[in-house]
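K.L.:
Would you mind keeping the following structure in view while I ask a few things?
The values are calculated or read from the model by the stated rules, or taken from the named source; none is laboratory data. For clarity, every value in this text was computed on a predicted model and none was experimentally measured. Please note: Cβ atoms are built from the backbone with ideal geometry, for glycine as well, and neighbour counts cover all protein chains shown.
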Amino acid sequence: MTYRGSLARTGMFAVAYLIAVWAGRLTVMDDTNLSMVWPAAGIAAVWFCAQRKAPARWADVAALAAITLVVNTATGATVGLAMVFVVANLVQVAVLVLLLARWRPGLGPLSGLRNTRDLWALLAAGITATVAGAVAGPIGVWLLTGRHSWPATLVWLSRNTASILLIGAAGLCVVPAIRRFRQRYGALRDWWRATPRARLIEYGALVLISAAAYLTGFAYSRGLPIAFALIAVTVWAGTRFPTPLVVLHDLAAGSMAVLFTLNGDGPFAAIGDPATRACVAQLYVAIVAVVGLSLALGRAERTALITALAAEREQASQRAGLLRAIIDSTTDGLAVVGADRRVVLSNPAADELLGDGSAGDFEEVFARALAGEAVPETDVLIHRPGTAHGRIVCVRTAALRDPDGARRVVLLFHDVTTERRHRDELAGFAGVVAHDLLNPVTAVEGWTETAAEAIEGFPGTPGTGLALDALGRVQRAAGRMRSLIAGLLAYTTARDATVAAVSVDLGQMVSEVTVARLDAAIAAGSPAPRFTVGDLPPVLADPVLLRQLLDNLIGNAIKYTARDVTPALTVTGHRDGDMVLVCVADNGIGIPAGQHDEIFGDFRRAHATLGYAGTGLGLGICRRIVERHGGTITATDNPGGGSRFEFSVPAAGPARQPVPDSAQLR
């Protein structure tokens, strides 16, 4: 807001406040110089709420003080009393604005009353502000005149609270109502055309019945106290009409009640004491405002909530439909299975696999997932009537818990029959080829050794040294070929051999592997490695594959050690839930940065240019063995230098069904 715009708004509010102060001063009751009604309190509330962030707030304060001072002195008040009223009004409006800014920061003339919380905040802030104003107002009058009237204080409290509640609510609702009307209808004639005829009749009936009821209750009641029965009209308005219209209805009803009372008509005019008469009239106005606004705002909240719930339900339905379409269009199966082993939800791909509507083929996987166990990807062989061969399905699981505590399991399965059979055929071909290649390699090694022995029998012959050197090269090449073939055979074994899981004393097996490696180093004349082995829990694994895994990791740790460094290895382990985590740490040359994951690939060597022998299959074999046991393996840098290999295998416990072997799934 610009400075000029702020001053312009100050001028408009000042005119309205001037009229309200003048009208209030016309209702002075007695020599206390207190007015029966004070609409200026409501105008001031709207004024300062609207100008709360204006750049020219000093002009608002100055205008309010000047108008209060001038009008009060012009209508018979002394300058001292007028100054008291200035201070009281400023204190009152300051407390009101401060409390509303703290309790409901978004409440203002541009936002309007949005819900019942805004209404209660306005009412509470109004009561608190009028109490603060009463401390400065009636008490200030008492200090100047020497007379203090508790009834006059109650009049101050009741009239200002009612004014803030009714006129303040009207001022807060008028701008948003006009804005919504223009956005929806544009002009009055468009509203007339768009509104149903029955609704227009109801609007007219409200106006006529309200006027007739208040005329009857105040002008023709013949002294009968029936005014509070007129609240029924307010209830009707609050339950049937929009909040802005209810505010106008309450404002009109309150004004009629006050005007009749000032004119000496109606049940309140029969009260002899002016202070009591004013308090009762203002109490009626406040009750009308609270009842009408609370009903209208509550209904608006319920309508907005119902609309939001309907929109959210529609969005949820659309999202559910989209999700269902996506799930149904996937070629992978998805099924949600309850604790009773019945399928709760499935897609067409799952229906094809679960033709009987149960999870019987996945019983072992399902039971483990339902028990809360982390189940790795598992291959399951399923059979269907009328088919000659089974199908291999890779299953993943996730446990779900309903809000009522019931457990369910999500099964995701992918048909890997073709993939597994192709892999098995390739692995079988590699195994056969590797086995068949050993025969010619053996022949090359044997004939090379025979030729070398024959040449050595003719020392001093020209060309003997060159021939022996050439034969040595052939022998070394044959040795490398044998190592490569042996690696391929080991890789095929680790990938395709049947996993016969039994309880294994991991500590005893590590001890046997380390003793064998120590003997081999001593026999080769190499530095004897130092081993530190911690307490290792028993595991559930295939002894042959587990020994191969440990031998590969420990052998690598010894081999990849600098030539002038004595190998030092530490093997530790601990149980973590259903798995045992094993760590093999060394003081070797380490792993180059960025290759900690790549080294587990086939034919990958981290130090291919440093002269260390190897085929690049050792760690790939380790990964296959660990994965076939349902675990994982990782490589990291050892903080003390070297490398750390950590792998997990199942802990020894109740016997579990082994994962179906791919070689048995055909």
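K.L.:
Tally up the residues in the stretch 491-506 that are modelled with pLDDT of 85 or more, of a type outside the set (S, T, N, Q) and surrounded by fewer than 17 Cβ atoms within 10 Å (Cβ to Cβ), please.
P.N.:
Looking only at the stretch 491-506, we keep the residues that are modelled with pLDDT of 85 or more, and these are 503-506.
With of a type outside the set (S, T, N, Q) added as a condition, the list becomes 504-506.
Okay, now just the ones that are also surrounded by fewer than 17 Cβ atoms within 10 Å (Cβ to Cβ), so 505.
So the answer is 1.
K.L.:
Continuing with this model, one more query. Go through the stretch 50-75 and count every residue that is modelled with pLDDT of 85 or more and either closer than 22 Å to W142 by Cα or within 51 Å of the chain's Cα centre (by Cα) (or both). Steps first, answer last, please.
P.N.:
Initially, the stretch 50-75 is screened for residues modelled with pLDDT of 85 or more, giving 58-67, 69-70.
Those still in the list that are either closer than 22 Å to W142 by Cα or within 51 Å of the chain's Cα centre (by Cα) (or both) too: 58-65, 69-70.
Final tally of qualifying residues: 10.
K.L.:
Something else about it: Does A320 satisfy the condition of being at pLDDT 80 or above, over 13 Å from V410 (Cα atoms) and either surrounded by 16 or more Cβ atoms within 10 Å (Cβ to Cβ) or assigned by TED's automatic domain parsing to the domain that holds L381 (or both)? Full working, then the answer.
P.N.:
On the way: at pLDDT 80 or above: yes; over 13 Å from V410 (Cα atoms): yes; either surrounded by 16 or more Cβ atoms within 10 Å (Cβ to Cβ) or assigned by TED's automatic domain parsing to the domain that holds L381 (or both): no.
Against the criterion (at pLDDT 80 or above, over 13 Å from V410 (Cα atoms) and either surrounded by 16 or more Cβ atoms within 10 Å (Cβ to Cβ) or assigned by TED's automatic domain parsing to the domain that holds L381 (or both)), A320 does not qualify.
K.L.:
Please go through the stretch 225-253 and pick out each residue that is in contact with a Phe, Trp or Tyr (Cβ under 9 Å, 6 or more places away or on another chain), part of a helix (DSSP H, G or I) and within 22 Å of R299 (Cα to Cα).
P.N.:
L230, I231, V233, P244, L245, H249, A252, A253
K.L.:
Looking only at residues that are in a loop (DSSP other than H, G, I, E, B) and buried (at least 18 other Cβ atoms within 10 Å of the Cβ) in the stretch 93-108, which one is farthest from the chain's Cα centre (by Cα)?
P.N.:
Here the answer is G108.
K.L.:
Please find, among L165, L154, the residue that is in a helix (DSSP H, G or I) and either buried (at least 24 other Cβ atoms within 10 Å of the Cβ) or in contact with a Leu (Cβ under 6 Å, 6 or more places away or on another chain) (or both).
P.N.:
When all the criteria are applied, what remains is L165.
K.L.:
Within the stretch 26-34, is there a residue that is surrounded by fewer than 19 Cβ atoms within 10 Å (Cβ to Cβ), out of contact with any strand residue (DSSP E or B) (no Cβ under 9 Å at 6 or more places or on another chain), more than 23 Å from L154 (Cβ to Cβ) and at pLDDT below 85?
P.N.:
No: the stretch 26-34 contains no residue that is surrounded by fewer than 19 Cβ atoms within 10 Å (Cβ to Cβ), out of contact with any strand residue (DSSP E or B) (no Cβ under 9 Å at 6 or more places or on another chain), more than 23 Å from L154 (Cβ to Cβ) and at pLDDT below 85.
K.L.:
Within the stretch 393-407, how many residues are over 16 Å from G333 (Cβ atoms) and part of a strand (DSSP E or B)?
P.N.:
4
K.L.:
Search the stretch 115-148 for residues being free of Cβ contacts under 8 Å to residues at least 40 places away in the same chain and within 36 Å of the chain's Cα centre (by Cα), and hand back the single one that is nearest to T78 (Cα to Cα).
P.N.:
A125
K.L.:
Are any residues in the stretch 2-24 within 49 Å of the chain's Cα centre (by Cα) and farther than 18 Å from A62 by Cβ, and if so, which ones?
P.N.:
T2
So that you can scan it fast, the table gives a plain yes or no per residue for (1) acidic (D, E); (2) free of Cβ contacts under 8 Å to residues at least 12 places away in the same chain; (3) under 18 Å from A20 (Cα atoms):
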position: L251; (1), (2), (3): no, no, yes
position: V258; (1), (2), (3): no, no, yes
position: G264; (1), (2), (3): no, yes, no
position: A269; (1), (2), (3): no, yes, no
position: T276; (1), (2), (3): no, no, no
position: C279; (1), (2), (3): no, no, no
position: Y284; (1), (2), (3): no, no, no
position: V290; (1), (2), (3): no, no, no
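K.L.:
Do you know which residues across the stretch 265-299 are surrounded by fewer than 21 Cβ atoms within 10 Å (Cβ to Cβ), at pLDDT below 80 and not in a helix (DSSP H, G or I)?
P.N.:
Of everything in the stretch 265-299, those that are surrounded by fewer than 21 Cβ atoms within 10 Å (Cβ to Cβ), at pLDDT below 80 and not in a helix (DSSP H, G or I) turn out to be I271, G272, D273.
K.L.:
Return only the number of the condition from (1) crowded, with 20+ Cβ neighbours inside 10 Å; (2) in a helix (DSSP H, G or I) that W38 does not satisfy.
P.N.:
W38 satisfies every listed condition except (2).
Matching residues to (1) surrounded by 16 or more Cβ atoms within 10 Å (Cβ to Cβ); (2) among the hydrophobic types (A, V, I, L, M, F, W, C); (3) farther than 19 Å from M12 by Cα:
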position: R57; (1), (2), (3): no, no, no
position: A62; (1), (2), (3): no, yes, no
position: V71; (1), (2), (3): yes, yes, no
position: G76; (1), (2), (3): no, no, yes
position: M83; (1), (2), (3): yes, yes, yes
position: V91; (1), (2), (3): yes, yes, yes
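K.L.:
Within the stretch 246-271, which residues are within 14 Å of I167 (Cα to Cα) and in contact with a Leu (Cβ under 8 Å, 6 or more places away or on another chain)?
P.N.:
Within the stretch 246-271, V246, V247, H249, D250, L251, A253, G254 meet the criteria.
K.L.:
Kindly list, by first and then second residue, each pair from a residue in the stretch 444-459 that is surrounded by 13 or more Cβ atoms within 10 Å (Cβ to Cβ) to a residue that is at pLDDT 80 or above and not in a helix (DSSP H, G or I), limited to pairs with Cβ atoms under 6 Å and residues at least 6 apart or on different chains.
P.N.:
Short answer, once both residue conditions are applied: none.
Residue by residue, here is whether (1) among the polar types (S, T, N, Q); (2) in contact with a Phe, Trp or Tyr (Cβ under 6 Å, 6 or more places away or on another chain); (3) without any contact (Cβ under 8 Å) to a residue 60 or more places away in the chain holds:
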residue	(1), (2), (3)
P543	no, no, yes
R547	no, no, yes
N552	yes, no, no
I558	no, no, yes
A562	no, no, yes
T566	yes, no, yes
G588	no, yes, yes
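K.L.:
If we keep just the residues of the stretch 619-664 that are of a type in the set (D, E) and within 38 Å of the chain's Cα centre (by Cα), which is modelled with the highest pLDDT?
P.N.:
Of the stretch 619-664, the ones of a type in the set (D, E) are 627, 637, 646, 661.
Retained after the next criterion (residues that are within 38 Å of the chain's Cα centre (by Cα)): 627, 637, 646.
Values: E627: 87, D637: 87, E646: 93.
Ranking the qualifying residues of the stretch 619-664, first place goes to E646.
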